[in-house]
Amino acid sequence: MLFDIDLSMTMTPAGKVATTTARTNYNQMYYSAAQQLAHHASSGCIIQIGDLLGSGMISAPEKSQRGSLLELTWGGKEPLTLDTGETRSFIEDGDTLTLHGATISDGFQTGFGSCTGTIKSAPKFPT
């Protein structure tokens, strides 16, 4: 069984407005969480109480539903145009990425909060 969870990602260049770069749904996953758990366990991966299991990338049929920036831009060959007019093939220093997730059941929405991170420049080390 795959859960009906709406997922989206936004990209915000430093000091500018956010652009929604992808919208998808967990029900587009290829394997269910139970199948992923069985795969891990059957291949010898030790699973213990409290372990987190990442779902991996969700790739749906529409271009806007692709599961990563690498897929959205076909490996950087087709840059993504942001609402600011800028293009991105890959994330850049100063970009902020935010993942959102929520589901609606029986008229009630349950959100999973946002996961946000900003890409910082690599530190300069003395030579």
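The values are calculated or read from the model by the stated rules, or taken from the named source; none is laboratory data. Here the structure is a predicted model, which is why all the values come from computation and not from measurement. Note: ideal-geometry Cβ built from the backbone for every residue, glycine included; neighbour counts use all protein chains shown.
Summary of values
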quantity: Residue within the range 63-80 that is in a strand (DSSP E or B), surrounded by 12 or more Cβ atoms within 10 Å (Cβ to Cβ) and either modelled with pLDDT under 95 or not basic (Lys, Arg) (or both) present; calculated: yes
quantity: Sole residue being under 22 Å from GLY67 (Cβ atoms), out of contact with any helix residue (DSSP H, G or I) (no Cβ under 9 Å at 6 or more places or on another chain) and surrounded by 14 or more Cβ atoms within 10 Å (Cβ to Cβ), chosen from THR87, THR96; calculated: THR96
quantity: Every pair of residues 6+ apart whose Cβ atoms lie under 8 Å, when the first sits in the range 36-50 and is over 18 Å from LEU2 (Cβ atoms) while the second is surrounded by fewer than 13 Cβ atoms within 10 Å (Cβ to Cβ) and among the β-branched types (Val, Ile, Thr); calculated: ALA41/ILE47
quantity: One residue from ALA122, ALA102 being loosely packed, with under 10 Cβ neighbours inside 10 Å, aliphatic (A, V, I, L, M) and on the phi < 0 side of the Ramachandran plot; calculated: ALA122
quantity: Selection from the range 101-127 of residues that are closer than 20 Å to GLY15 by Cα and in contact with a Gly (Cβ under 9 Å, 6 or more places away or on another chain); calculated: SER114, CYS115, THR118, ILE119, LYS120, SER121
quantity: Residues satisfying the stated conditions in the range 9-27, i.e. out of contact with any helix residue (DSSP H, G or I) (no Cβ under 7 Å at 6 or more places or on another chain), surrounded by 14 or more Cβ atoms within 10 Å (Cβ to Cβ) and not charged (D, E, K, R); calculated: MET9, THR10, MET11, THR12, PRO13, ALA18, THR19, THR20, ASN25, TYR26, ASN27
quantity: Count of residues meeting criterion [closer than 18 Å to SER121 by Cβ and hydrophobic (A, V, I, L, M, F, W, C)] in the range 79-108; calculated: 3
quantity: Test: residue in the range 33-53 that is outside any helix (DSSP H, G or I) and closer than 30 Å to GLY94 by Cα; calculated: yes
